[in-house]
Amino acid sequence: MPVSCGEYEVRDKAGRVAGTVVFDDAFAQGFSSMRRIRSLPCPGAPAVPGLWARVRSWIRAEASRVVQGELAPEAVESRLTVCRQCTHLVRHEADDVGFCGACGCGTRQRARLTIKAKMPGAVCPLGNWAHLPPHGDSK
């Protein structure tokens, strides 16, 4: 059973409170049950941008698609190749890539990486698309 990051109260086999642990190491320490006390950010997880930053980024990306058109297929594939190797990728069976777990967009249809990668104004929140040619050319 995957455990999300947080602070947990753990109990021994007799049901007594044995202490608290952070992150998901309670089962590895041999505790039979645990209860989340509070959520904490996972170690190494990027900070999710705030709501207004996400809204501005979405508007910019959608507008770029209308004004500039979609990126060339080579540029889209370059972006998706980077995403497939990212540790923050949230895979989904509906397509071969999935969603970005770092951007905060969630798992709505327009948040699919196969859609976002086509938008010239879309950016990787981790900066992983910054080194790629902007329109698929090698210049």
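General remarks:
- Residue tally, condition outside any loop (DSSP other than H, G, I, E, B), open to solvent by 40 Å² or more (accessible area, probe 1.4 Å) and over 21 Å from A72 (Cβ atoms), over the range 95-129: 1
- Close contacts from the range 49-68, counting a first residue that is open to solvent by less than 100 Å² (accessible area, probe 1.4 Å) and a second that is charged (D, E, K, R), with Cβ to Cβ under 7 Å and a gap of 6+ residues or different chains, come to A61/K116; R65/K118.
- Number of residues in the range 96-134 that are touching a strand residue (DSSP E or B) at 6+ places or on another chain (Cβ under 8 Å) and closer than 18 Å to Q85 by Cβ equals 10.
- For H92, the conditions (1) free of Cβ contacts under 8 Å to residues at least 40 places away in the same chain; (2) assigned to a loop (DSSP other than H, G, I, E, B); (3) surrounded by fewer than 14 Cβ atoms within 10 Å (Cβ to Cβ) all hold with the exception of (3).
- Scanning the range 69-89 for residues that are closer than 27 Å to W52 by Cβ, open to solvent by 80 Å² or more (accessible area, probe 1.4 Å) and either of a type in the set (D, E) or part of a strand (DSSP E or B) (or both) yields one hit, E70.
The values are calculated or read from the model by the stated rules, or taken from the named source; none is laboratory data. The structure presented is a predicted model; accordingly, all values stated were derived computationally and were not measured. Every residue, glycine among them, receives a Cβ derived from its backbone with ideal geometry; neighbour counts consider all protein chains shown. Heads up: the accessible areas ignore ligands, DNA and RNA and are worked out on the full protein's heavy atoms, side chains in. Shrake-Rupley method; radii C 1.70, N 1.55, O 1.52, S 1.80 Å.
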